[in-house]
Each structure stands twice: as structure tokens, then as C-alpha cells.
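Shown next, in C-alpha cells, is the structure this report addresses.
The values are calculated or read from the model by the stated rules, or taken from the named source; none is laboratory data. Note that the structure is predicted; figures quoted are calculated from it, not measured. Note that we place each Cβ from the backbone using ideal geometry, even for glycine, and neighbour counts take in every protein chain shown.
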Ligand SMILES: N[C@@H](CCC(=O)N[C@@H](CS)C(=O)NCC(=O)O)C(=O)O
């Protein structure tokens, strides 16, 4: 999701091929044996198959509202540390919480409590400012919020009842961004030989 948001924001014309993860097309596996999505194939054939690498590549190509380019070293260090924690420990706890039946060794509630450590940390940052790096939206918000959204929607009633009011406000603002609502539109799974769909259309 974060890769799609940034590609759309950067104005990079992108052909979108939705993939069924239980039936990955051979064209995807030929370019990326890692077999995870997203996979971006550039016009020159170069392949980028990590969502964060796609995010940085797109923002270096074009960053109209300075999501990456406006920040100093200290802010960049904070962003990278939050993103690392998000992609590491928090993502693990999110998966355990979201797919609790696949991890019987740990209760759903325990996984949620472990995930809450990061949620509380984000909320503390958002108590100081509207966005994670200050008063302006940044790549850190974009890189992290899709995961917080997943965490929130496992049990939205619980999430809305928590004390994380700053995080709730932040999440709501990001969910209302037009680039997000646009990439969330359902597209059908790509079938070879059918007309291509452009990202954001
Ligand atoms: N670190 C990778 C993680 C990618 C990843 O794990 N993607 C999941 C979907 S969100 C996937 O493709 N899983 C492969 C599968 O379920 O077979 C990235 O952010 O690009």
C-alpha cells in the first residue's frame, strides 16, 4: 500500500497488476524470486522488490510536497528508527494479532499488548506534533500508517476505545488523503492478455 501511495503521489505512470498471492503469476516470479509483493519493474527493466526501496526511489524521482526532502539529519534518524521498529517487531506482532489462529502459542490479547508498545510510542510522538516528524506530513507517516490501520481494524471497537487519541486523529487524517482512498479502490486480479490498468485510475 505504501509503495502504491508514493508512486501515485510522485506522478509516476505505473501499470498496476493485482496479484493473487495463492496463485502468483510466472511473470512475477521470473523478475523476483523472493515471491512477495510489491514488485516494481522500471522502464529499463530494473526490478525493485522491497516496498521501502520503492518508496525511496519514487520520492527521489519526484517529491512535490517534500515528504522526504525537507527533513534534517535528526528527523531522518528518528524516521528510520520508527520505520525499522514498524517493519520489524511491530509487523511481527501485527501478524500474530491479525492471524491469531495461526499462532496458537500466543493469545490474541498478548499479541495485541505487544503491538501496543509501538502504538503507545507513536501516540507519544503525535502528542507533540500533528505528524511523526513534526507539523508536516512525511515519508515516515506514509511508511507506517498502513500497518497501524491494519492493527486498528482487527478490532476497531477496541481501537476506538483506547487512550491513543493522538494516534486515532493521525490515522483518520491519513485515511482521508485522496492518494490513499484512490489506491484502496478494488482492482481485479491481473490476467495475461487483458487490457492493463493504470495505478490510480
Ligand atoms: N519487506 C517486504 C515484505 C513484503 C511482504 O511480505 N508482502 C506480503 C504481502 S503484504 C507477501 O507478498 N507475502 C507473500 C505471500 O503471502 O505469499 C516489503 O515490504 O516489500
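Some points to look at:
- Pairs with Cβ under 6 Å, 6+ apart, first in segment 48-73 and closer than 26 Å to residue 88 by Cα and in contact (Cβ under 8 Å) with a residue 12 or more places away in the chain, second within 12 Å of the ligand (Cβ to nearest atom) and assigned to a loop (DSSP other than H, G, I, E, B): 49/32; 49/34; 49/39; 51/38
- Screening residue 87 with (1) in a helix (DSSP H, G or I); (2) in contact with a strand residue (DSSP E or B) (Cβ under 9 Å, 6 or more places away or on another chain); (3) within 16 Å of the ligand (Cβ to nearest atom) gives one miss only, at (2).
- Scanning segment 78-87 for residues that are surrounded by fewer than 16 Cβ atoms within 10 Å (Cβ to Cβ), within 17 Å of residue 50 (Cβ to Cβ) and over 13 Å from the mean Cα position of the chain (by Cα) yields one hit, 80.
- Odd one out for residue 9, checked against (1) over 19 Å from residue 189 (Cα atoms); (2) touching a residue at least 24 places away in the same chain (Cβ under 8 Å); (3) within 14 Å of the ligand (Cβ to nearest atom): (3)
- Hits in segment 91-120 (condition: within 20 Å of residue 143 (Cβ to Cβ) and loosely packed, with under 15 Cβ neighbours inside 10 Å): 92, 117, 120
- Residue count for segment 17-50, restricted to those that are out of contact with any helix residue (DSSP H, G or I) (no Cβ under 7 Å at 6 or more places or on another chain), within 26 Å of residue 179 (Cα to Cα) and either within 15 Å of the ligand (Cβ to nearest atom) or at pLDDT below 95 (or both): 9
- Of the listed requirements (1) touching a residue at least 12 places away in the same chain (Cβ under 8 Å); (2) within 15 Å of the ligand (Cβ to nearest atom); (3) over 21 Å from residue 170 (Cα atoms), residue 14 misses just one: (2).
- Output for segment 139-187, where each listed residue is farther than 17 Å from residue 118 by Cβ and not in a helix (DSSP H, G or I): 176, 177, 184, 185, 186, 187
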